[in-house]
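What follows is one structure encoded as structure tokens, with my remarks underneath.
The values are calculated or read from the model by the stated rules, or taken from the named source; none is laboratory data. Owing to the predicted nature of the structure, the values given are computational and were not obtained by experimental measurement. Note that each Cβ is placed from the backbone with ideal geometry, even for glycine, and that neighbours are counted across all protein chains shown.
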């Protein structure tokens, strides 16, 4: 059995969920892997991000978001409102803020407001951080309109994100 790994690097936006169609990246990775039969796992190591399998929608808004993505955002806004201030949710608590303020990240300086992303954590938990797809005869079995999307629900700021692809099989 062969195992192939690939990372996709993505730049997200601020002030709204950031959707990325990564289907072509996955198909390219499958071709590079030369694996004919097996599985393809696509996952996010980030706790405010999701990977979903959904139908491609041709209609988009001015930001380039597909209408189905806008519908998903509207539904999620009703059950998990965007965090706009501290104490809107229990999280993050004082111990977590203290921990976060000690982290050293040259791309993202620590500021308390950057930790007000509980809604992103909850949305990601609800939708999940990975998808598994079948590979048969060197093809990804995603149907004719099935696309794979990476979503960053952390709306506090732009981020550099990673999406992992692992393909296993023969």
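List of remarks:
- Inclusion of residue 99 among residues that are touching a strand residue (DSSP E or B) at 6+ places or on another chain (Cβ under 9 Å) and either surrounded by fewer than 17 Cβ atoms within 10 Å (Cβ to Cβ) or without any contact (Cβ under 8 Å) to a residue 12 or more places away in the chain (or both) is not warranted.
- Put simply, of 47, 114 the only residue that is in a loop (DSSP other than H, G, I, E, B), touching a residue at least 40 places away in the same chain (Cβ under 8 Å) and surrounded by 11 or more Cβ atoms within 10 Å (Cβ to Cβ) is 47.
- In the range 117-134, the residues that are surrounded by fewer than 16 Cβ atoms within 10 Å (Cβ to Cβ) and outside any helix (DSSP H, G or I): 128, 130, 132, 134
- Residue 75, sole failed condition from (1) in a helix (DSSP H, G or I); (2) within 25 Å of residue 162 (Cα to Cα); (3) modelled with pLDDT of 95 or more: (2)
- Screening the candidates 98, 86 for the property of being at pLDDT below 95, more than 30 Å from residue 26 (Cβ to Cβ) and outside any loop (DSSP other than H, G, I, E, B) yields one hit, 98.
- The range 13-44: number of residues that are buried (at least 18 other Cβ atoms within 10 Å of the Cβ) and at pLDDT below 95: 0
- Answer residue from the range 50-59, given it is touching a helix residue (DSSP H, G or I) at 6+ places or on another chain (Cβ under 9 Å), surrounded by 14 or more Cβ atoms within 10 Å (Cβ to Cβ) and at pLDDT 95 or above and is nearest to residue 159 (Cα to Cα) among those: 50
- Subset of the range 61-77 [surrounded by fewer than 13 Cβ atoms within 10 Å (Cβ to Cβ) and more than 16 Å from residue 155 (Cα to Cα)]: 61, 62, 64, 67, 71, 75
- Number of residues in the range 11-28 that are under 13 Å from residue 56 (Cβ atoms) and in a helix (DSSP H, G or I) equals 2.
- Leading residue by the ranking (nearest to residue 33 (Cα to Cα)) among those in the range 144-162 that are touching a residue at least 60 places away in the same chain (Cβ under 8 Å) and either part of a loop (DSSP other than H, G, I, E, B) or over 20 Å from the mean Cα position of the chain (by Cα) (or both): 145
- Given (1) at pLDDT 95 or above; (2) crowded, with 19+ Cβ neighbours inside 10 Å, number of the condition residue 155 does not satisfy: (1)
- Residue 91 satisfies every condition listed in (1) touching a helix residue (DSSP H, G or I) at 6+ places or on another chain (Cβ under 6 Å); (2) under 30 Å from residue 169 (Cα atoms) except (2).
- Single unsatisfied condition, residue 141 versus (1) surrounded by fewer than 15 Cβ atoms within 10 Å (Cβ to Cβ); (2) more than 16 Å from residue 18 (Cα to Cα); (3) out of contact with any helix residue (DSSP H, G or I) (no Cβ under 8 Å at 6 or more places or on another chain); (4) touching a residue at least 12 places away in the same chain (Cβ under 8 Å): (4)
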